[in-house]
Amino acid sequence: DAGVQLHIAGKLYPALRASLASGERLGLALRSVLDAAAFADLAVIGFLGLAGPSIVRLGRCAVWRVVKRTRDAPGWETSYAWLVARSVRRLSYMMFSLYVLDLACLGIFTIGLPIRPDIPIIVACFLYPMWAGRLASALKRRALGVAEDDGVSVADGRVLVYDRLADFGIALCVIIAVLEILSLELGVAFTSLLALSGASSVVVALACQDPLSQVIQGLLLTFNDKFRPGDEIKFGDVAGVVTAMGWFDTKIRLYSERTVVVPNSKIMAEPLVNLSRQRWGQYRTELRLRLEDADRVEATIDEIKRGLAGVPCVITRGRNLWVHWREIAKDALVLVVDVKIAYPGGSTPFYDAVQVCNGKIRDAVRGAGADFCIPTSRRI
């Protein structure tokens, strides 16, 4: 029994010693974190997040009183100062996250785990330029008047092109700023990165021919202002509502509620109809009456004109309402009805109006005592 107890004690002593050593390292790590944590830093971050937006708003009101000689500055949420205040609050959140990350890395490094102590610096080199770029992008969109309607950019086509080009320039500036800060903080050779990019530019150009073509087609598509997000368009066998316009492709929600992604080059290559910009639609149908109704054709035409003229959405000015006896075929009398409807062709209200017009035509033919020979109808 004594030998067994000594054997167990021999195994438990190293484990206990390791546990005590781990506890000492944890205590040392906690002590180092508490020593590094400064109440003043947390107070500055909290003040920036809580009082920063209010200070920006008060400053805007003060400037407004001096410049405009008025007491209250209207439109706070539509002003540039509101964007700055929102960005200041986001900056405080980001600073607090970096502060917590710095303390966590310090504690992990003190414990003895393999970790780079400069991870917070690397993360900060990326986050601060990205924050500045996001603020610049928001101010740019407000200056260009690019509004958001249910998450969709609403603006003129040329303005959207300027917006995208400005976003590209801001992203390029952010990338250059990140590389410069990394070169200063960590000694990363920025010139070597440029040399490497120059040497591989030919390979990149060959690999990006198709994506660059899609980008150019997208810019031309937006600049020509053929359609905007929210418009109902039709081209080829695709018809639906535009939900988003990107650099490479366009998202369209079909009438079946499915969303398709179409390359910009395909849209540019096919004839396109913007149904949302049409103010009216044309409906044409061919009627075939019986040969024995030849004496009732004039009365039928008058009844059809009278019935269609009573439909509110049918345009009757000028020659917009045509009903003619076009042909005496071997087996039927052919009448052509051609009307203009005050709804864009292909839209749901247009087809509802077509249904009403078909009902009026049916009632007019029956009211004149005539009847159809072969009931066929087609839309041109």
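Observations, loosely collected:
- Under the Karplus curve 6.51 cos²θ - 1.76 cosθ + 1.60, θ = phi - 60°, whole-Hz ³J(HN,Hα) for segment 288-301, x wherever Gly or Pro sits: 10, 9, 5, 5, 6, 9, 4, 6, 9, 5, 4, 5, 5, 5
- For the residue pairs Lys226/Lys360; Lys140/Lys226; Lys234/Lys330; Lys266/Lys360, alpha carbon separations beyond 30 Å are given by Lys226/Lys360; Lys234/Lys330; Lys266/Lys360.
- Local electrostatic count at Asp363 - Lys and Arg +1, Asp and Glu -1, tallied over other residues with Cβ under 15 Å: +3
- Our Cα-only numbers for segment 250-310 put the radius of gyration and Dmax at 21.2, 58 Å.
- Solvent exposure of segment 280-380 amounts to 56 Å² per residue of accessible area, where only protein heavy atoms count and the probe is 1.4 Å.
- Normalised by 2.2 N^0.38 Å, where N is the number of residues, the alpha-carbon radius of gyration of segment 265-380 equals 1.19.
- Whole-Hz couplings from phi, Karplus 6.51/-1.76/1.60, listed for segment 243-250; x for Gly and Pro: 9, 7, 10, x, 5, 9, 8, 10
- Other residues with beta-carbon under 11 Å from the beta-carbon of Tyr255 carry, at +1 per Lys or Arg and -1 per Asp or Glu, a net charge of +1.
The values are calculated or read from the model by the stated rules, or taken from the named source; none is laboratory data. Just so you know, these numbers come straight off a predicted model, no measurement behind them. Positions of Cβ are generated from backbone atoms using ideal geometry, with glycine treated the same way; all protein chains shown enter the neighbour counts. All accessible areas refer to the heavy atoms of the entire protein, side chains included, with ligands and DNA or RNA removed. Shrake-Rupley method; radii C 1.70, N 1.55, O 1.52, S 1.80 Å.
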